Amino acid sequence: MSFESLQLAPPILKALIKCGHETPSPIQREAIPKALSGRDLIASANTGTGKTAAFVLPALQKLFDDPVKKGLRILVLTPTRELADQIAKATSRYGKYMKVHSVAIYGGMPFGDQIRALSQSPEMIIATPGRLIDHIWRGRINLSNVELFVLDEADRMLDMGFIDDVEFVSDAMPQNCQTLLFAATMNPETSKLAQKFMKDPDRVDLAKGGKITHDKIEQRLHITDNLQHKGKILRHLCSDKDLSRAIVFSATKRDADTLARELRSEGFGVAALHGDMTQVIRNRTMDNMRRGKIRILVATDVAARGIDITGVSHVINFDLPRSAEDYVNRIGRTGRASESGIAISLVSHADFPYVERIERYIGQNLTFDVIPGLEPSRALTGAKKSKPFPQKGGKPPFRGPRRRPEGQSSGNRSTRSNFGANK
Ligand code: AMP
């Protein structure tokens, strides 16, 4: 299928060619015709699948179809500032050959610039909930002409505690407005939101049971004895010449700062990215990463959610996330578009129940890896004896770590053997 067959306007098709997008991704193939039909739509899809274009292209088509209408016509709500920025950038790219006046509105940035931008009557606003509501309350945004309302990463917005804000905005939408809801998973809260505000929605489900497997992402686990051992493994991985660009995830903002500081002092090109940093610094950090001035970003989940940096070769979970959805979101920072990537999780024995939960969620078993000289001191079999995993289908979910054959270095995909693959 081609983009032409999706009946998109010539300037949009021209921009897609310019972006190098040759064929629509599965979510685009499914969601764009449904969105263009004018019906409400619920789409389950993960980031990294091309879902931004799946709603931005129909939005642009709406603007193209009726260029005379005035006022705010498209509103996109998204959970984080980085996502708002990215969607705004994607809108500029895909709308390059149209006159589109869009603006990103999010917290942490000065009000002055946003007030000025809003006074110029943008047709499209991409916003995070809190700051949007602030402007609505102050009468700077009028929602009465909105034709298309997009809830991007709706499940995540609810997870982040934005339920009241999302409901407030959804409630304020005009009666005849079309709503598109995108979520990685349709949990009960998201379904309730959809039931409350959407009219007979069509559906696209490309994230069934979370089983969008990242087949271009090689996923590995390293067992760690303690923090010191974990630190050594991380440094070894960061020194890998195949690691061109990496995102290291830590559990807390403080850990992100500490890790970034330590790695920087050892000569690595590192920066931290978390919610306590000002937006200006966060934007600068992202730019530095995109430009290659920084090789390693140490981030927390919230800050790194959905960020789209091309060429991330490695995602390293310094701390394993407690939620399987977060795991999928994290590893989706690599293997973007048509690239491949490596996702490595450093786990202690106490993390095993979470590993098992992740394996169930993604529908595949993760493979263990060992770096010669940095083997864990405690054998995996011991842990299994002390805490047996529920086993399905007669096959244990884990196999013990095996030593890499002599002479093979860690992180080298071409020479790595398939340790313990149990698929
Ligand atoms: P998203 O899931 O929207 O964050 O998109 C992930 C990445 O895929 C972005 O870098 C997009 O520019 C890219 N992308 C989106 N659609 C396509 C397509 N049809 N062909 C190739 N790359 C795409």
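For segment 31-41, the Karplus equation 6.51 cos²θ - 1.76 cosθ + 1.60, evaluated at θ = phi - 60°, returns couplings of 7, 4, x, 5, 5, 5, 5, x, 7, 5, 9 Hz by residue, with Gly and Pro reported as x. For segment 52-63, the Karplus equation 6.51 cos²θ - 1.76 cosθ + 1.60, evaluated at θ = phi - 60°, returns couplings of 4, 5, 4, 10, 5, 5, x, 5, 5, 4, 4, 5 Hz by residue, with Gly and Pro reported as x. Between the amide H of Leu221 and those of Ser345, Thr367, Phe368, Asp369, distances stay under 5 Å, these residues lying 5 or more places away or on another chain, with hydrogens modeled in the peptide plane. Full extension of the segment from Arg261 to Arg138, taken as 0.36 nm per residue of separation minus the current Cα-Cα distance, would add 40.2 nm.
Of the trypsin sites (Lys or Arg not before Pro) found in segment 229-264, the ones in coil according to DSSP and having at most 12 other Cβ atoms within 10 Å of their Cβ are Lys241.
Take every Cα pair under 8 Å whose residues are at least 6 apart in sequence, average their separation, divide by the length of the chain, and the relative contact order is 16 percent. Going through the cross-link list Lys34/Lys216; Lys34/Lys89; Lys34/Lys62, which pairs have a Cα-Cα distance over 19 Å in this structure? Going by Cα-Cα distance, Lys34/Lys216; Lys34/Lys89 fall outside the 19 Å limit. Using a cut-off of under 15 Å, list every residue of segment 147-190 whose amide N is near the label point 7 Å from the Cα of Arg39 along the Cα-to-beta-carbon line. Counting backbone N atoms under 15 Å from the label point, the list is 178-181.
Summing Cβ point charges (Lys, Arg +1; Asp, Glu -1) relative to the Cα centre of segment 1-107 gives a dipole of roughly 300 debye. Explain nothing, just the number: relative contact order of segment 217-368, from Cα pairs under 8 Å at least 6 residues apart, as a whole percent. After rounding, I find 34 percent. Computed from phi, the 3J(HN,Hα) profile of segment 13-26 under the Karplus parametrisation 6.51, -1.76, 1.60 (θ = phi - 60°) reads 4, 4, 5, 5, 5, 4, 6, x, 7, 8, 10, x, 6, x Hz, with x in place of Gly and Pro. If you take all other residues with their beta carbon under 14 Å from the beta carbon of Asp308, and give Lys and Arg +1 and Asp and Glu -1, the sum is +4. With a cut-off of 10 Å between beta carbons, the residues surrounding Ile296 carry a summed charge of +3, where Lys and Arg count +1 and Asp and Glu -1. Among the lysines of segment 217-368, pairs that are 8 or more positions apart or on different chains and have alpha carbons within less than 21 Å of each other number 5. Amide hydrogen proximity for Phe249: with H placed 1.01 Å from N in the peptide plane, the residues at 5 or more positions away or on another chain lying under 5 Å are Ala299, Ile316, Asn317, Phe318, Asp319. Loop-resident trypsin sites (Lys or Arg not before Pro) (DSSP state other than H, G, I, E or B) in segment 49-123 with no more than 12 further Cβ atoms inside 10 Å of their Cβ: Lys69, Lys70, Lys99.
Listed peptides 369-375, 52-58 appear in the order 52-58, 369-375 once ranked by packing, highest mean of other Cβ atoms within 10 Å at the front.
When a/c reaches 1.5 or more, the comparison of a/b and b/c decides; with that in mind, is segment 69-196 rounded, prolate or oblate per its Cα gyration tensor?
rounded
Just list whichever of Lys18/Lys51; Lys69/Lys99; Lys70/Lys196 have alpha carbons separated by over 20 Å in the model shown. Table pairs above 20 Å Cα-Cα are Lys70/Lys196.
Rule-based calculations on the coordinates, nothing more; no lab input. Not measured: the values here are computed from a predicted model. Glycine also receives a Cβ, built like all others from the backbone with ideal geometry; neighbour counts cover every protein chain displayed.
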